Every structure is written in structure tokens, then in C-alpha cells.
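J.: My structure is below; once you've seen it, I'll send some questions.
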Amino acid sequence: MTTRTAHDSLTPAQTLPKVEDPGPLRATHTPNFPALLRQIAASLLVTTYQAGRLVIVRDEGDHLNTHYRAFQAPMGLALADGGAKLAIGTTIQVWEFRDNRDVARRLEPAGAHDACFLPRSSHVTGNVLIHEMAYGAGGQLWFVNTRFSCLATLDPESSFVPRWRPPFVTELEPSDRCHLNGLAMVDGRPKYVTALGETNEMAGWRPNKARGGVLMDVDSGTILCRGLSMPHSPRWYGGRLWVCESGSGTLGAVDLNTGRYEAVAAVPGFTRGLDFASDLAFVGLSQVRESAVFSGIPITERLAPEQRTCGVCVVDLRRGETVALLKFESGVQEVFAVALLPRRFPDLINDDEKLLESSFVVPTECLGDVAATVRAAGSV
């Protein structure tokens with residue numbers, strides 16, 4: 001990396017990952033899954049970088065409707081403004097979308113959709129391996145910049161703005177020193193993060209990935225919990241600090257007084273991606289490929305390859321039991337992010353040029369200046 005000015009370019013150290021055609025995408029689910037979404041008045045968003053898809057899971061009566069939108073290796077998701085704003089992190093950019101219910105009314109079948117997300121901006125970050133993202137106070141978007149081992153925000157003049165990094169990482173370099181990956185917000189600010197190693201050299205986390213994972217406090221820089229197997233998705237919910245110990249295929253909580261991780265539920269997959277509703281946890285599951293990255297971790301010893309599932313399971317936190325399951329039968333082997341969206345039957349438009357070129361959004365105070373014929377046509 002060379003430095004000349006405050007907004008200099010950063011030279012990538014590796015080529016961009018390619019998304020291969022995943023083939024047909026098919027999913028099955030337990031009969032109670034649609035009713036659970038109906039009960040909480042929500043749909044489910046799932047990203048899979050391996051298949052290059054955003055999956056919009058919607059209740060459609062007695063079955064789930066799994067709706068796919070193509071993106072280049074989507075990973076992090078973030079929601080704000082009561083679900084009206086959505087951000088998606090991809091291979092080299094962050095997309096931001098806004099819900100427009102007037103456009104939703106124009107979608108087929110008529111009257112089915114209660115939300116339609118249209119793209120409002122795209123910020124090119126370069127290949128920084130964006131992992132988890134979250135909106136904070138003032139609507140600022142925070143994201144985990146895994147290649148540079150830091151938390152970052154966006155700025156119009158920069159690819160990204162480094163805001164925090166673990167104390168053991170001594171400098172910015174696109175070398176994925178500790179595989180910083182998970183982000184938990186508290187009171188609108190980053191508070192907890194996960195990493196796969198306490199290391200300060202290029203991909204230094206890999207040799208001890210099975211038990212080198214850590215959970216850290218952002219404010220103090222201290223390590224709260226060590227010895228975790230590939231931790232992901234920390235969340236502060238219900239007065240407890242939850243985390244996925246992905247390498248063991250469990251969901252659990254960390255006792256902040258003792259620094260101990262206690263598993264609440266063991267599930268049939270590599271756990272990554274987490275959201276909550278009442279006493280339910282929606283947990284992303286990945287099958288775990290037979291590759292060097294995933295070799296030697298506890299879940300590969302606990303479950304044979306044919307026993308590992310890709311999808312989303314619903315865990316009852318009171319009992320630690322799986323009560324519902326969405327399973328991808330083909331086309332998807334890895335899930336990254338899971339987020340509940342407070343919309344019943346949403347859509348997202350990112351490749352329908354005809355609809356995008358004829359949909360205009362102007363400030364409310366400007367509507368009086370728009371010709372009545374245009375308003376009547378429903379384009380504005």
C-alpha cells in the first residue's frame with residue numbers, strides 16, 4: 001500500500017472472487033415456518049456469497065416463497081428507519097436501497113406487495129471483504145473491513161474510512177491478519193466484534209482457526225472471550241451477548257463477568273448470521289465445504305457431510321430447541337447474513353431497467369410542482 005494523500009488509492013493484493021453459477025436453487029421448510037413469519041409480521045433476508053444471491057423469504061399462506069435477486073458475492077446486510085432503508089455489501093461496493101410503497105403497488109401480482117426496495121446509491125469500496133454491517137447513530141453505516149482488519153465507515157472522497165482496529169493489529173494492510181468478521185451495536189455504536197484469531201500477520205488466523213477465535217470489546221480493546229471456534233455474528237439482545245460459535249455449530253451467550261461461552265443450542269450446520277424476534281433466534285446454517293478453510297473444526301467431527309444443512313433454523317431461546325427449519329436443497333451451500341425485515345411481502349429491484357427508468361422519487365414538498373398527469377400515471 002502506498003500513501004501520498006489522505007484519499008490515496010489502495011492497490012488490491014488479490015484478484016476479485018468469481019461467483020459461479022450455483023445451478024437451480026430449491027428450498028424446503030417445516031410446515032410451521034410460514035406461520036412464524038406471519039406471527040411476527042416479517043419476511044426474512046438471507047445473503048449467500050457462494051451462490052451470488054439475496055434470498056427474500058416470504059410467507060405465502062401454507063408455504064414459503066423464496067425469491068432470489070442476483071448480486072456479486074453479497075455478504076453483510078443492514079437495516080434502518082424501521083426497515084425502510086437497506087444496505088448490502090458485495091465484492092467491491094455497498095448498495096443502499098429505499099422502500100417505495102407506491103412502486104410496490106405497481107408490481108405483479110396486483111396488491112400482493114407491501115414494499116419495494118429501489119437502489120438509491122452505490123459506493124465502491126474496492127475488494128475489502130465486507131463482512132457484517134450495521135447502521136449506527138445518525139444513520140451512519142458501519143462495516144467490518146476484513147481485509148484491512150478494521151471497522152470502517154463510508155465517505156464520498158474515500159474507498160472507506162478506517163475507524164477502529166484491534167490493538168494487536170499494528171497497521172492497515174489488505175492481508176486479512178485476524179479475520180475480523182462480526183459486529184454488534186449497542187445504543188447506536190459498535191460495541192463488540194469477533195475475529196478468528198489474535199494475530200498480526202497475513203492470514204495469521206488460519207493455523208489455529210479451530211480454537212483461536214476471540215470476542216472483543218470495542219471501547220476498551222480488551223478480549224472478553226478466547227478459545228472460540230470460528231466465532232461470528234455477535235449480538236446484544238435481551239440483556240445478553242449472543243454469538244455463533246460457527247466451528248462447533250452452536251448458538252450461545254457469553255457471560256461478561258467470567259468471559260465464558262455457554263452454548264444454548266447445537267444445530268446441524270456451521271452457524272453464521274443471526275437475528276431475533278421475541279424468544280426466537282433465526283440462525284443461518286452453512287453445510288461447510290471439505291476444504292482447508294473448514295478442515296479440523298469441531299462440527300466436521302460432530303456431523304458427517306450428509307448431516308450438515310444449509311438454510312435458516314429457528315431456535316426457541318427458552319428451551320434451546322430448533323422449532324422450525326428452512327433448508328436449501330440445491331444451489332446454496334453457504335449462508336452469510338440473516339435479517340428479519342418488518343414487511344410481509346417485499347420485493348427488491350436491482351436489474352429491471354424498464355421499471356427503474358420509469359420510477360421517480362422526489363421530496364414530498366416538491367410533489368405540488370409535479371404535473372397531475374405524471375402523478376396519475378403512478379411514476380412519481
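J.: Please give me the summed charge of the neighbours of VAL283: other residues whose Cβ is under 10 Å from its Cβ, Lys and Arg +1, Asp and Glu -1.
T.: Once all neighbours under 10 Å are counted, the net charge is 0.
J.: Using 10 Å bins from zero, what percent of all Cα-Cα pairs in the stretch 182-241 falls into each bin?
T.: Here the calculated profile for the stretch 182-241 is 25, 51, 21, 3.
J.: A follow-up question, please. If you average the C-alpha positions of the stretch 195-274 and of the stretch 50-94 separately, how far apart do those two centres end up, in angstrom?
T.: 24 Å
J.: Another question, if that's okay. Given the stretch 19-162 reduced to its alpha-carbon atoms as identical point scatterers, what log10 I(q)/I(0) does the Debye formula return at q = 0.09 Å⁻¹?
T.: Results for the stretch 19-162 at q = 0.09 Å⁻¹ read -0.32.
J.: Hey, can you rank 174-182, 326-334 by average C-beta count inside 10 Å, highest first?
T.: 174-182, 326-334
J.: So, one more: Once label points are set 7 Å from the Cα along Cα→Cβ at both THR222 and ARG189, what is their separation, rounded to one decimal in nm?
T.: The answer from the label model is 1.6 nm.
J.: Additional query: Considering all alpha-carbon pairs of the stretch 98-176, what whole percent are spaced by more than 19 angstrom?
T.: Pairs farther apart than 19 Å: 51 percent.
J.: Pull up all non-local amide H partners of ARG53: gap of 5 or more, or a different chain, and H-to-H distance under 5 Å with H placed in the peptide plane.
T.: HN-HN under 5 Å from ARG53: THR48, PHE71.
J.: May I pose another question? Just to confirm a number: summing +1 for Lys and Arg and -1 for Asp and Glu over residues other than SER175 whose beta-carbon lies under 9 angstrom from that of SER175, what do you get?
T.: Result for the local shell: -1.
J.: Per residue Cα convex hull volume for the chain, in cubic angstrom?
T.: With only Cα atoms used, the chain gives 151 Å³ per residue.
J.: Sticking with this one: Computed from the mean reciprocal separation of all distinct C-alpha pairs, what Kirkwood hydrodynamic radius does the stretch 242-345 have, in Å?
T.: 14.1 Å
J.: Where does each of MET185, MET75 land when they are ranked from fewest to most other beta-carbon atoms within 10 angstrom?
T.: MET185, MET75
J.: I want to check a number: in the chain, how many lysine pairs have alpha carbons closer than 30 Å, given a sequence separation of 8 or more or different chains?
T.: 9
Bear in mind these aren't lab numbers, they're just calculated from the coordinates by the rules spelled out. Keep in mind that this is a model prediction, so the values were computed, not measured. For neighbour counting, all protein chains shown are included, and Cβ atoms are generated from backbone atoms with ideal geometry for every residue, glycine included.
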